[in-house]
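**Q** Sharing a structure, written as structure tokens. Questions coming.
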């Protein structure tokens with residue numbers, strides 16, 4: 001469930017490598033080994049028929065073995081033959097036929113063939129309801145499988161209905177403290193997690209954990225599964241310490257009960273490594289991913305999709321540290337595995353192609369990257385259709401490549417198409433929309449179209465600002481700090497535009513200063529923990545207590561939806577986002593009536609409001625350090641300059657003025673010498689004059 005990791009390269013253009021991290025577990029079963037059903041054979045079956053039925057059972061077992069090994073393509077024809085034999089000899093409504101349908105559906109689900117999987121699951125459900133009754137645990141299991149399929153497609157409403165029905169059946173048939181009930185609770189919580197409803201997911205995960213601990217003991221593998229999934233929730237919220245604690249406990253249980261060399265141990269190691277990676281602790285993450293990879297190779301074979309995932313995760317770890325030579329062969333090997341096991345047109349293959357291509361782009365190997373990006377785009381369009389977030393990511397990355405090469409016309413059309421898809425599917429406030437807008441702004445600046453460069457830059461910055469506000473309202477301290485760092489490049493680009501290509505443009509100057517002040521304000525608010533202070537005041541007021549609690553809940557849901565895996569989002573996700581945005585606005589209006597402090601806290605920084613507080617004979621002076629960016633340069637070294645200082649001057653009327661003060665290193669040296677002179681009583685006027693002349697500041 002992880003998701004997209006957007007990265008800004010040295011050129012200021014956003015490429016989008018896709019992370020592939022196995023996190024949560026699911027409750028889908030391949031086959032149903034229930035003797036009372038499987039042995040309901042025809043009374044008068046001949047010896048030949050019995051032999052054929054035995055063959056079907058063997059085919060089923062072979063398919064299950066291949067499934068466990070990740071060899072879905074090889075397993076599907078075996079499952080189809082088993083189904084055909086059973087349908088012919090037992091009739092199309094026999095429970096064993098339902099078993100075969102379930103198995104074939106599950107294989108298609110894993111292969112990403114959702115359209116083929118759904119009618120198979122539905123047929124299995126009808127058979128089981130007719131043969132066993134609508135309140136049988138096996139009916140609940142089938143409902144669960146169908147729900148997981150809908151969830152994978154982003155159809156959360158259908159999935160929710162089926163998960164709830166499966167849970168109700170299990171609670172009634174098995175009792176509320178049964179382990180199968182815990183499985184349903186865990187899956188239902190996973191659905192809420194995908195929707196960003198963390199407050200609804202958390203108690204379900206916790207209840208599932210409590211049931212499993214009570215029914216199975218505190219050191220059972222199923223308990224480890226619950227701990228793992230709860231940890232994934234905490235990780236998404238940025239609560240890394242809680243996540244680490246649970247993952248370490250989950251790992252200890254799995255090592256003790258399953259041994260040190262087991263696929264579930266590998267999963268725990270992988271997830272533990274991802275938390276360390278999120279925190280930038282690469283040295284702690286690396287040996288965990290390496291051990292996870294070694295376990296998977298030993299237990300699953302060297303050509304399993306989970307091995308490909310471990311290879312990609314290790315490659316991305318090296319890539320994050322700039323170790324491209326170590327990353328490249330790992331990405332290549334992951335691609336080869338998935339092409340062989342999943343087929344050349346699988347969406348995971350598109351992911352592998354994309355990640356390898358982005359690695360080549362970061363090294364300036366454009367000729368090697370281009371065919372990979374083109375192939376990834378073709379696969380995504382074929383598998384997902386022309387209007388899907390993953391297609392938009394492929395278009396963005398191919399456009400960014402053309403932009404790097406100076407092919408601006410090709411780049412513009414692809415960016416525009418990517419933007420249209422993302423706005424249609426994800427809504428106007430998704431980070432991917434901000435990425436597209438920012439890339440178009442840089443493209444227009446490189447072409448000398450300053451008007452459109454400013455227009456698209458402003459739109460992109462407004463989206464980023466909304467998302468920053470979400471993070472600062474409900475994110476953990478670590479998440480706030482890591483998220484604001486991702487926008488350093490875009491802030492530098494905005495300041496550079498005002499000081500270089502749009503030197504005399506008042507709109508560009510205002511945009512740059514507004515961006516600096518808003519982001520500075522968010523950082524200061526975070527340091528002062530303004531939201532927590534405001535929360536304590538509003539929660540003590542009966543008139544605002546419930547409204548503020550709901551506002552925080554809506555912000556949490558918006559944050560989770562906006563930052564969730566874009567590849568899983570659908571039109572339903574966009575509708576939910578729009579509904580939550582509308583509710584947030586109503587809540588803010590209602591709370592603002594009761595609390596002037598809340599109204600002030602939630603209003604964005606506007607230059608006009610600041611100017612109204614500046615005396616006529618005074619000015620606001622804002623000094624920033626930035627890295628100059630040249631949108632027209634062809635190489636990375638030329639695009640980014642050495643850090644400079646700049647000053648923005650804002651008076652009570654008129655537009656702000658920006659001045660570049662010069663290279664930061666030289667100014668810092670002069671300033672330190674001046675400070676030393678002042679501290680020791682040495683003459684300082686000459687140094688002060690030199691500093692003023694160097695900065696050329698009136």
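The values are calculated or read from the model by the stated rules, or taken from the named source; none is laboratory data. As the structure is a prediction and not an experimental result, all values here were calculated from the model. Neighbour counts run over all protein chains shown; Cβ positions are idealised from the backbone, glycine included.
**Q** Could you grab me the full set of residues in segment 226-280 that are surrounded by 20 or more Cβ atoms within 10 Å (Cβ to Cβ) and within 20 Å of residue 68 (Cβ to Cβ)?
**A** Passing the criteria: 228, 254, 264, 265, 266, 267, 268, 269, 270.
**Q** A follow-up question, please. For the condition crowded, with 22+ Cβ neighbours inside 10 Å and closer than 20 Å to residue 347 by Cα, what is the one hit in 117, 98, 82? Full working, then the answer.
**A** On the way: 98 fails: closer than 20 Å to residue 347 by Cα; 82 fails: closer than 20 Å to residue 347 by Cα.
None of the other options fit; the residue is 117.
**Q** While we're looking at this one, here's another question. Can you pull out the residues in segment 302-329 that are over 22 Å from the mean Cα position of the chain (by Cα) and in a helix (DSSP H, G or I)? Steps first, answer last, please.
**A** From segment 302-329, those over 22 Å from the mean Cα position of the chain (by Cα) are 302-304, 323-326, 328-329; that's our starting set.
324, 325, 326, 328, 329 - these are the residues of segment 302-329 that are over 22 Å from the mean Cα position of the chain (by Cα) and in a helix (DSSP H, G or I).
**Q** While we're looking at this one, here's another question. Check residue 462 against each of (1) modelled with pLDDT under 90; (2) within 26 Å of residue 442 (Cα to Cα) and name the one condition it does not meet.
**A** Residue 462 satisfies all of (1) modelled with pLDDT under 90; (2) within 26 Å of residue 442 (Cα to Cα) except (1).
**Q** Let me ask you something else. Quick one: which residue in 173, 135 is out of contact with any strand residue (DSSP E or B) (no Cβ under 9 Å at 6 or more places or on another chain), in a helix (DSSP H, G or I) and farther than 30 Å from residue 348 by Cα?
**A** Values: 135 fails: in a helix (DSSP H, G or I).
Result: 173 is the single residue among 173, 135 that is out of contact with any strand residue (DSSP E or B) (no Cβ under 9 Å at 6 or more places or on another chain), in a helix (DSSP H, G or I) and farther than 30 Å from residue 348 by Cα.
**Q** Moving to a separate point now. Say we look at segment 361-376 and pick out the residues that are touching a residue at least 24 places away in the same chain (Cβ under 8 Å) and surrounded by 21 or more Cβ atoms within 10 Å (Cβ to Cβ); which of these is farthest from residue 320 (Cα to Cα)?
**A** Once the filter is applied, the top-ranked residue is 376.
**Q** To continue, here is another question. May I ask you to verify whether residue 518 is closer than 30 Å to residue 241 by Cα and either touching a strand residue (DSSP E or B) at 6+ places or on another chain (Cβ under 6 Å) or modelled with pLDDT under 95 (or both)? Quick ask: steps written out before the conclusion?
**A** On the way: closer than 30 Å to residue 241 by Cα: yes; either touching a strand residue (DSSP E or B) at 6+ places or on another chain (Cβ under 6 Å) or modelled with pLDDT under 95 (or both): yes.
Taking the combined requirement at face value, the residue satisfies it.
**Q** Is segment 401-414 home to any residue that is over 23 Å from residue 357 (Cα atoms), buried (at least 23 other Cβ atoms within 10 Å of the Cβ) and touching a residue at least 12 places away in the same chain (Cβ under 8 Å)? Before you say what the answer is, go through the steps one by one.
**A** Let us first name the residues in segment 401-414 that are over 23 Å from residue 357 (Cα atoms), namely none.
No.
**Q** Also, quick follow-up: If the requirement is being part of a helix (DSSP H, G or I) and within 24 Å of residue 338 (Cα to Cα), which of these qualifies: 425, 361? Please lay out each step first, then the result.
**A** Values: 425 fails: within 24 Å of residue 338 (Cα to Cα).
Just one listed residue meets the conditions, 361.
**Q** Only one residue in 207, 249, 267, 212 is in a helix (DSSP H, G or I) and at pLDDT below 95, so which one is that? Quick ask: steps written out before the conclusion?
**A** Values: 207 fails: at pLDDT below 95; 249 fails: at pLDDT below 95; 212 fails: at pLDDT below 95.
Result: 267 is the single residue among 207, 249, 267, 212 that is in a helix (DSSP H, G or I) and at pLDDT below 95.
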